[in-house]
Amino acid sequence: MFLKEFRNQLKFGGWRAALIFAGFRFMNRIMYFDILHTMTLELKNIDSKYLKDPEAPIVGRFLTPEEIKKFSKNSKYQLTNDFLPESLDHGDMCFGFVDGDVLAAYGWYSKKPTRVTNEFAVNFSNDWVYMHHGYTNPDYRGKRLHAIGMAKAVAAFQEQGYRGLVSIVASENSNSLKSVKRMGYELTGKIYLFARLNRYLVYQDKGAKDCGMWLSPRHETLNAYVMNRPENDRSAA
């Protein structure tokens, strides 16, 4: 698995991306350490090529819970039992592209603090909607559906009074960082996460704090110290 991902990083991101990936994997043999890049996406910053509709007969829209549950019966779509019920109960929305009875791509959007690991949830300002769990059907790759879907979602949420989207990407995922910057995401800051012997330390820098992004423990019993959290934070759900 490591070699496969290393080759993937090398192929699409070059030696720098591959070495960053390897460095994080090596460090995590000693202690858990991760750097999460926080980012925002506003309609005014989106590359115009992502604002176009996909080719017919592909149609994009917010999917109903009934549609999502129907698609979840196909394991290819990665709508797993440990993810889907929690997301629907949480009130998250799914913007998807359908081609007849085929699910071509989707992305999930949350207006409330959202689980990012078993231990932590990501919090963010009420001005933003959190984007997570993007997927593109392998048969539809190359059509920019994931990016077009985010652009459509930004436009919809802006009409509701939100500024746009926030999201996070791990530092070791260099290819995703390049992709989001090309689309128009602005990298705003970083969240640092350390763990050893079931003890956690979280620090969010000024850039992350300015858009209200921080990690909060999901369980009261978790031995975690969270530094530099925003003063007007929201409690994690």
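The values are calculated or read from the model by the stated rules, or taken from the named source; none is laboratory data. Every value quoted in this text rests on a predicted model; they were computed, and no experiment measured them. Virtual Cβ from ideal backbone geometry, glycine too; neighbours counted across all protein chains shown.
May I ask you to say which residue of Leu201, Leu197 is modelled with pLDDT of 90 or more and surrounded by fewer than 17 Cβ atoms within 10 Å (Cβ to Cβ)?
So the residue among Leu201, Leu197 that is modelled with pLDDT of 90 or more and surrounded by fewer than 17 Cβ atoms within 10 Å (Cβ to Cβ) is Leu201.
Tell me which residues, restricted to the stretch 177-203, are outside any strand (DSSP E or B) and either without any contact (Cβ under 8 Å) to a residue 24 or more places away in the chain or not hydrophobic (A, V, I, L, M, F, W, C) (or both). Explain how you work it out, then say what you get.
First, pick out the residues of the stretch 177-203 that are outside any strand (DSSP E or B): 177-185, 197-198.
Scanning the stretch 177-203 gives Lys178, Ser179, Lys181, Arg182, Gly184, Tyr185, Leu197, Asn198.
For the stretch 94-107, give me the residue count where each residue is assigned to a strand (DSSP E or B) and free of Cβ contacts under 8 Å to residues at least 40 places away in the same chain.
Filtering the stretch 94-107 down to residues assigned to a strand (DSSP E or B) leaves 94-99, 102-107.
Going one step further and asking which of them are free of Cβ contacts under 8 Å to residues at least 40 places away in the same chain, we end up with 94, 102-103.
Count: 3.
Screening the candidates Lys69, Lys44, Lys73 for the property of being under 24 Å from Arg163 (Cα atoms) and modelled with pLDDT of 95 or more yields one hit, Lys44. Considering Ala155, Ala104, the condition of being surrounded by fewer than 18 Cβ atoms within 10 Å (Cβ to Cβ), of a type in the set (A, V, I, L, M) and over 16 Å from the mean Cα position of the chain (by Cα) is satisfied by Ala155 alone. All of (1) surrounded by fewer than 17 Cβ atoms within 10 Å (Cβ to Cβ); (2) of a type outside the set (A, V, I, L, M, F, W, C); (3) within 14 Å of the chain's Cα centre (by Cα) hold for Gly142 with one exception: (3). Residue count for the stretch 117-167 under the criterion of being in contact (Cβ under 8 Å) with a residue 60 or more places away in the chain, aromatic (Phe, Trp, Tyr) and in a helix (DSSP H, G or I): the result is 1.
Taken over the stretch 62-80, the criterion of being without any contact (Cβ under 8 Å) to a residue 40 or more places away in the chain and exposed (fewer than 14 other Cβ atoms within 10 Å of the Cβ) is satisfied by Thr64, Pro65, Glu66, Lys73, Asn74, Ser75, Thr80.
Tally time: how many residues in the stretch 205-228 are touching a strand residue (DSSP E or B) at 6+ places or on another chain (Cβ under 8 Å) and in contact (Cβ under 8 Å) with a residue 40 or more places away in the chain?
Result for the stretch 205-228: 12.
Scanning the stretch 204-237 for residues that are more than 13 Å from Val122 (Cα to Cα) and acidic (Asp, Glu), we see that the one that is modelled with the lowest pLDDT is Glu231.
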